[in-house]
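See below for the structure under consideration.
Derivation of every value follows stated rules applied to the coordinates shown; laboratory data play no part. All of these numbers come straight from a predicted model, not from anything done at the bench. Here Cβ is always computed from backbone atoms with ideal geometry, including for glycine, and neighbour counts include all displayed protein chains.
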Amino acid sequence: MVTDEVLIREGAGLHDRFGVERADQFGQALPSLVAELTDLWSLSIEKFLDAGATSIVLSASDDAGTPAVLKISPDQEFLARQVTMLRHLTPTTRVPAVLRSAHSAGAVLLERVLPGHTLSSADAPLPTVQDWAALLHDLHAAPAEGVTDLLDDRCEEMFERIGQRQRNPVVRERVPDIVWAETVDLCRELLGSNAEKVVIHGDLHLGNVLASDEHGLVAIDPKLCLGDPCFDMVDFAMVEGGPAEIASCAGQLAEIVGVDRSRMLAWTKVNAVVSSISYLTFYGPEERSKNLLAFASLT
């Protein structure tokens, strides 16, 4: 049951992203905000859904019984940009439809994709390479007009954020400075040599994809930008297995999508090092980071 007390607690739980004071203020305001939105849009709130660090997500239904998702964030501008991105991708049928939005409230009502579990859920089957390639094909067919963010800028921000993690002694022991520097250089080389800039999701991993009964794979939480299509492919290539399995999946995906295999492997190497740094930061040395670094060292 979604009580006022639970809303306050969940809102305050966004402190990692927004700081304690701002998250607490958001939590205190949530009960009245949810009540206002449910009245405005004739909604019944059902339960909390898994969300990231930037918003609260609730399953809901309207007065006709149509299932929906209510998403609320203390960062109104962030959510407004996401609404714009979702609407840009709507013709692809590969994202949830935007049903209502309230910029000033930092809220959006979205189509609820059923059954609604992300592909990172424990009981979710791994999609086939063909299904993932079909998702990429549709998303990357979106028009470039109106998309102004560039992957180059996104990567520069990534270098700063991941570079701070790499300097942690526990991480640095396994990802030395020379490896990180070579990874940054390789990424900039790939960005500089990219002749094909398409609209990319920008954060396409299993946790941001739902299996839809109606539309197949459906992407959520886009960070649209223009860039190399390989960027949207590398997370899937590294989902499981050791170096040989990662290389094989990357090669299969490259062949089906129609991108250069060596370029795909180079992007996968970049992502393997970046991801290993994150794994080492949050989980310490374990099998996954070892496999990723082993793959990166072989390519």
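Table for the structure above
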read-out	value
Computed lengthening from residue 42 to residue 173, 0.36 nm per intervening residue step minus Cα-Cα distance	41.6 nm
Sorted by Cβ density within 10 Å, fewest first, the residues 226, 298, 89	298, 226, 89
Total charge dipole magnitude, the range 187-236, about the Cα centre, Cβ charges on Lys, Arg, Asp, Glu only, Debye to nearest 20	220 debye
About the Cα centre, charge dipole magnitude for the chain (Lys/Arg +1, Asp/Glu -1 at Cβ), debye	440 debye
Debye intensity ratio I(q)/I(0), log10, the range 213-261, q values 0.21, 0.25, 0.31 Å⁻¹ (C-alpha model)	-0.87, -1.01, -1.12
Full-stretch length increase - residue 290, residue 181 - with 0.36 nm per residue and alpha-carbon distance subtracted	37.3 nm
Whole-number percent relative contact order across the range 4-112, with pairs defined as alpha carbons under 8 Å at least 6 apart	18 percent
Rounded to whole Hz, the Karplus (6.51, -1.76, 1.60) HN-Hα couplings of the range 171-186, x for glycine and proline	6, 4, 4, 9, 10, x, 4, 5, 5, 5, 4, 5, 5, 4, 4, 5
20 Å reach of a label modelled at residue 157, 7 Å along Cα-to-Cβ, counting backbone N of the range 209-233	209, 220-233
Debye, to nearest 20: dipole size of the range 174-299, +1 on Lys, Arg Cβ, -1 on Asp, Glu Cβ	320 debye
Mean residue ellipticity (222 nm) of the chain, computed from DSSP H runs ≥ 4 via -39,500 (n - 2.57), nearest 500	-15500 deg cm²/dmol
Rh (Kirkwood; distinct C-alpha pairs) - the range 140-299, Å	16.3 Å
Full-extension gain in nm, residue 144 to residue 261, via 0.36 nm per residue minus C-alpha separation	39.7 nm
Per-residue Cβ neighbour rank within 10 angstrom, fewest leading, 204, 40	40, 204
Volume of the Cα convex hull of the range 10-164, divided per residue and given in Å³	156 Å³
Ranking of 158, 1, 238, 264 by count of other Cβ atoms within 10 Å, fewest first	1, 158, 238, 264
Label of the coordinate-derived value, semi-axes √(5λ) of the Cα gyration tensor in Å, listed as (1) 34, 23, 18; (2) 42, 20, 17; (3) 37, 22, 19	(1)
Unit charges at the beta carbon, dipole of the chain: most positive-side option, 219, 170, 122	170
In order through the range 120-135: 3J(HN,Hα) via Karplus (6.51 cos²θ - 1.76 cosθ + 1.60), integer Hz, x for Gly, Pro	8, 5, 4, 9, 7, x, 6, x, 6, 4, 5, 5, 5, 5, 5, 4
Under the Karplus curve 6.51 cos²θ - 1.76 cosθ + 1.60, θ = phi - 60°, whole-Hz ³J(HN,Hα) for the range 38-53, x wherever Gly or Pro sits	5, 6, 5, 9, 6, 10, 10, 7, 10, 7, 6, 10, 4, 9, x, 9
Greater than 27 Å apart at Cα, pairs in 71/290; 47/290; 197/223	71/290; 47/290
Percent RCO, i.e. relative contact order, over the chain, from Cα pairs under 8 Å lying at least 6 residues apart	14 percent
